[in-house]
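First the structure, in the form of structure tokens, and then the observations on it.
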Amino acid sequence: MDLLEAAMRGGESAVDVGANHGMWTAALSEAVGPTGRVYAFEPVPATYDVFRNVIRRLGLANVEPIEKGCTDSPGWAELAVPAQPSGPSDDMQAHLAARADGAGANGRTVRAEMVALDDHLPEEAEITFLKADVEGAELFALRGAAGLIERRRPTIVSEVDAGFLAGFGLSAGDLGGFLAERGYETLHYRPEDRRLEPAGDLGRYGHGNLVFVHPARRERLDPFLP
């Protein structure tokens, strides 16, 4: 989130894929300002209800909450909502595919509508930032936004989780490769000294966030670059 003020300008738009209870959405809302727009996607019904209340209570008038998931194959899907060891649902880890290590197998399932960002977002929206955190399904969300990515070159922050990615037969390298083909470089943020550095071997990232930057947007992040 340290990057947001530099990465965006007032009046631009951002996309939050996997908004959950709205932590990133609130930060994006502030970054784009009252004349900007945040398109925030959250497919789990119970989580979406909390998220919508958060938006209302914080008065985030520039946020459009959308009760849908994002993929490259629009339709309906079953999401697994694992149970915490103490019993309650762990909505923050709702996911499409099982973890390769079997973690979080207990819980419930919910039915959710899935859309492609290219089909759902207005083509004229000046989207300069996209955040994706959908438990291993990030590549599918980005594939569904291929037109947006090629047209707008947004800066992208994506979670990588080796366990969830493996559930789809994927790795962080697949995510990086998809964006590298579109001219993006992959960076890792060091909060201890507020610096971005080349990510290097993506296989070493078990869990965390990576930053993908296109040359068209790189200058904005100069304060964080070597």
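The values are calculated or read from the model by the stated rules, or taken from the named source; none is laboratory data. Nothing here was measured: the structure is a model prediction, and the numbers come from that model. All Cβ positions, glycine included, derive from the backbone under ideal geometry; neighbour counts span all protein chains shown.
Scan the range 49-64 for residues that are in contact with a Lys or Arg (Cβ under 9 Å, 6 or more places away or on another chain) and not in a loop (DSSP other than H, G, I, E, B) and jot them down.
Passing the criteria: Val63, Glu64.
Within the range 17-56, how many residues are within 20 Å of Thr155 (Cα to Cα), hydroxyl-bearing (Ser, Thr, Tyr) and touching an Asp or Glu at 6+ places or on another chain (Cβ under 8 Å)?
Final tally of qualifying residues: 2.
Among (1) over 19 Å from Leu130 (Cα atoms); (2) in contact (Cβ under 8 Å) with a residue 60 or more places away in the chain; (3) in contact with a Ser or Thr (Cβ under 8 Å, 6 or more places away or on another chain), which single condition is Arg220 missing?
That leaves (1) as the condition not met.
Considering Ala27, Ala103, Ala98, which residue is among the aliphatic types (A, V, I, L, M) and at pLDDT 95 or above?
Ala27 is the lone residue from the list that is among the aliphatic types (A, V, I, L, M) and at pLDDT 95 or above.
Return only the number of the condition from (1) touching a residue at least 60 places away in the same chain (Cβ under 8 Å); (2) over 18 Å from Met114 (Cβ atoms) that Phe164 does not satisfy.
Failed condition: (2).
Filter the range 31-79 down to residues that are crowded, with 16+ Cβ neighbours inside 10 Å and free of Cβ contacts under 8 Å to residues at least 12 places away in the same chain, then give me how many there are.
Result for the range 31-79: 0.
Taking the range 192-208, which residues are under 19 Å from the mean Cα position of the chain (by Cα), over 16 Å from Leu170 (Cα atoms) and not small (Gly, Ala, Ser)?
Listed by number, the list holds a single entry, Leu196.
Taking the range 129-143 as the search range and keeping residues that are surrounded by fewer than 23 Cβ atoms within 10 Å (Cβ to Cβ) and not aromatic (Phe, Trp, Tyr), which one is nearest to Gly36 (Cα to Cα)?
It comes out as Asp133.
Give me a count of the residues in the range 1-38 that are touching a Ser or Thr at 6+ places or on another chain (Cβ under 8 Å) and not in a loop (DSSP other than H, G, I, E, B).
7
Closer than 15 Å to Thr71 by Cα and either touching a helix residue (DSSP H, G or I) at 6+ places or on another chain (Cβ under 9 Å) or assigned to a loop (DSSP other than H, G, I, E, B) (or both): which single residue out of Glu135, Glu124 fits that description?
Among Glu135, Glu124, only Glu135 is closer than 15 Å to Thr71 by Cα and either touching a helix residue (DSSP H, G or I) at 6+ places or on another chain (Cβ under 9 Å) or assigned to a loop (DSSP other than H, G, I, E, B) (or both).
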